[in-house]
Each structure stands twice: as structure tokens, then as C-alpha cells.
Amino acid sequence: MSSKQRSQIISRIALLCGSSLFCLLVIEIGYRVLDPFRHITSDEINRTEHGNLSEYDQTLGWRGVPEGQAELVTECNSVWLQHNRHGFRDVEHDDVGDHWPTIVFLGDSYTWGYEVEFDEMFVNKLRDMLPRFNIFNLAHRGYGTDQELLTFKRWRHDGPIRWVVLMFSENDVADNNSSFRWDKRKPKYRMIQNELVLTGVPVPKLADWTDSPTAERKSASWKRRIKDLLYHSHFLHDLSFRTRLHRSSKKREKMQVIDDEETDLTLTIDILKELKKEVEMRNARLIVFFIPSKGEIEQLDGSPAYQSAVAKLCEKIGIKYFDLAPHFKTTWFRTYFRLGMHWNSKGHQVAAEAIYEYLIRDVPLEQKQRDQTKSGRSANKQVR
């Protein structure tokens, strides 16, 4: 082979490599623009909870630590979490707006704002949209409908309550049917002689509540470090993500195991009846908003939407409900974090807008005009 031929081969290889790198660079830029996310390495993760954000409660199982605060770092995001003096991830409420109608939100980690900043939470976005309402967020991570009912029973408020909004998620039925969830003991309702009875209280206190280790970030192995380095590429991260997603969906198809604890709605319907009664005793109305599963919105599997069965129960006992799924399905941007099951900031925005559209139909015209006037004044101040 002549030197001329060798140089031609080398130049072609260099051109091929350069073209490939250029294409990969364009793809990488496209990923970062259209589907940006932050890659967090394994040695950064710190899912702090015991003593910082949750504490033992003999009735609820656990509750938020009053004025608790901590940094939460997951594989999706790092956020600063802070509770008010009552242990809720909410603003501090005073007596200034007690004459305003109140909206109470009950829920689990979605409503608590898992993995998003305080200003990104849909409840706080609604607070800006509905300035003439007192909005309380009584949610806490890991709660089922039963613990949300108990939280509402314990909560005291002297002002008028307009709505109690129950944010219902796909794992709530399993939560209601269990006395041990998320590595913690919890109470459980049972039907005894046609009466809903709370059992398992006081909830046994596990040693973790008093002797839990300080949350630490663990050092990763060299293999994991190389993987983390490669995963800073959004393109390579997405390839790996979709490969794992495909494998997990194949496993689900093979198993096809239905757990009665996951699907039995008997206890949930009785808890919803009790919550409805408690809400109406306070001259308020109960509305259930269904949080669609990530699998439904991103079409990860062919399983039916969980909310159709619960919606039938709500109709049966006269509870108004609203399914958020259609709003999420019409949104082009990603509304769930790439990993896990929770909404990202865009998902919270979609939820806030959908809930606002529903609630605003029932707001008297005079109050709408006052709110619009107030919003207009605020805008004028900002312009000046």
C-alpha cells in the first residue's frame, strides 16, 4: 500500500469520526434543549426523612416535623424542604384572612411537593391564582386516604370552608389496605359490624424513630463513577433509560400478578364516605381530583387507568370528582420526572391550571371581579 493510499484511508477515517462526533453533538444539544434534566450521581443522593421532615405520631403513624427543614436529594432533583410551625409544607397562616373562604388540600407526596421547590408546587401556584381564598396544604409524603382523613379530623379552623380537595393517587388503595407502608407502621381502618373502626392505634413506635442514623451520602464504586460520568450525556442517559423501561415492561407482561391489596376498593369506599361526612359537617364540599399515573400519561404499559373504578365509587356515594389525565395527555412537554413517579415543575403547572379551571366555575361572579381587579392593580404596580 502506497503512502498516498494510506493517507486517503486515514483522511476518510478522520472524516467519518469527525462526522460521527458532529452528529452526536447535534443530538446531545437537541436532547438538552427539548428534554433537559439534571443528572445526579449516586454519591449525591440523600433521601433524608427521620427527624428532619417526619416524626412518629401515635395516631397517624408519622407526621411532618414542625418547622422541620432539610435538603432532599434524589436521582431527579435537589430541593430545600421546610415545614411551617404545624408540620406542613405550607405557608404560615395567621388570622388576617379568616373571613375569606378556605380551600383545604389533602394528599400525599404529590401534593406535598416531592422533588420540586416550594414555589413550583401546584398548591402554591393556586394560591397566587385565587388570592381571595385561604389555601391550606395538609398533605404529607406517604399518606393514604385514611391518614388524610385523620389529618382533616385533627385540623382546626374557625373560618368558613368552601372546598376540601382530596388529591387521589394510584397507590392510595394499597395504602388504605395496609398497616405497614414505606417502611413505617400506620393505622388501619376496618369495618366492624357495619361501622368504620380505626385499629392499630396507638401505632407501634419502631426503633428507627428514636435511633435512626444520620443521613449520609455513600461513596460510589469505580464502576458507578464511570457510569455517572457517561450519564452526564443526556443522549446516553436516555438510551439507558429506555432500555431499562423496555425490560421492566416485559417483566410486567410476564408476571401478570394482581395483588388483592392493590385493587380491593372495599375499605377505600368506606373511608371516602367518612371523609365526605366530616367535610359536610363543616359546611364544605368534597372534591376528588385523580392524579394520573405516569404509566398512563407516558403510555408505558397497556394497563387500564386506575381512576375509572374509583370514579364509579365516587358517583355511587355522591362525591364530585375530576380526572386530571386529559390535561396531562394534551401537554407536549414532559410532566413527570424521567425517573420515579412524581411530577416535575411542568406537571405541577398543568395540575394547577386544570384545578383552577374547575374551581373557578363555582366562584361567585362578584368575587371573580374583585380578584381580577386585585390582579390588575398588582400588574400595574409591577409595570410602574
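The values are calculated or read from the model by the stated rules, or taken from the named source; none is laboratory data. Quick caveat, the model's predicted, so the values are computed rather than measured. FYI the Cβ positions are ideal-geometry reconstructions off the backbone, even for glycines, and counts take in every protein chain you see.
Close contacts from region 111-125, counting a first residue that is touching a residue at least 12 places away in the same chain (Cβ under 8 Å) and in the same structural domain as ASP172 (by TED's automatic domain parsing) and a second that is hydroxyl-bearing (Ser, Thr, Tyr) and surrounded by fewer than 24 Cβ atoms within 10 Å (Cβ to Cβ), with Cβ to Cβ under 6 Å and a gap of 6+ residues or different chains, come to GLU115/THR74; VAL116/SER345; GLU120/SER345. Taken residue by residue, region 183-191 has at least one member that is under 30 Å from PHE118 (Cβ atoms), surrounded by fewer than 17 Cβ atoms within 10 Å (Cβ to Cβ) and either of a type in the set (D, E, K, R) or modelled with pLDDT of 95 or more (or both).
Within region 79-103, being free of Cβ contacts under 8 Å to residues at least 40 places away in the same chain and not in a loop (DSSP other than H, G, I, E, B) holds for VAL79, TRP80, LEU81, GLN82. If you go through region 18-74 and keep only what is small (Gly, Ala, Ser) and either farther than 23 Å from TRP155 by Cβ or in contact with a helix residue (DSSP H, G or I) (Cβ under 7 Å, 6 or more places away or on another chain) (or both), you end up with GLY18, SER19, SER20, GLY30, SER42, GLY51, GLY61, ALA70. Scanning region 274-295 for residues that are more than 24 Å from the chain's Cα centre (by Cα) and touching a residue at least 60 places away in the same chain (Cβ under 8 Å) yields GLU274, GLU278, ARG282, ASN283, ALA284. For region 1-23, a tally of residues being farther than 30 Å from PHE235 by Cα and either surrounded by 10 or more Cβ atoms within 10 Å (Cβ to Cβ) or touching a Pro at 6+ places or on another chain (Cβ under 8 Å) (or both) returns 3. Restricting attention to region 23-67, and to residues there that are at pLDDT 85 or above and among the acidic types (Asp, Glu), which single residue is farthest from LYS205 (Cα to Cα)? Result: GLU67. Scanning region 86-101 for residues that are modelled with pLDDT under 95 and either of a type in the set (Lys, Arg) or crowded, with 16+ Cβ neighbours inside 10 Å (or both) turns up HIS93, TRP100, PRO101.
Residues that are surrounded by 13 or more Cβ atoms within 10 Å (Cβ to Cβ) and touching a Lys or Arg at 6+ places or on another chain (Cβ under 7 Å): does region 302-315 have at least one?
For region 302-315, residues surrounded by 13 or more Cβ atoms within 10 Å (Cβ to Cβ) and touching a Lys or Arg at 6+ places or on another chain (Cβ under 7 Å): absent.
Could you check, for region 59-76, whether at least one of its residues is at negative phi, without any contact (Cβ under 8 Å) to a residue 60 or more places away in the chain, in a loop (DSSP other than H, G, I, E, B) and among the small types (Gly, Ala, Ser)? Looking through region 59-76, at least one residue is at negative phi, without any contact (Cβ under 8 Å) to a residue 60 or more places away in the chain, in a loop (DSSP other than H, G, I, E, B) and among the small types (Gly, Ala, Ser).
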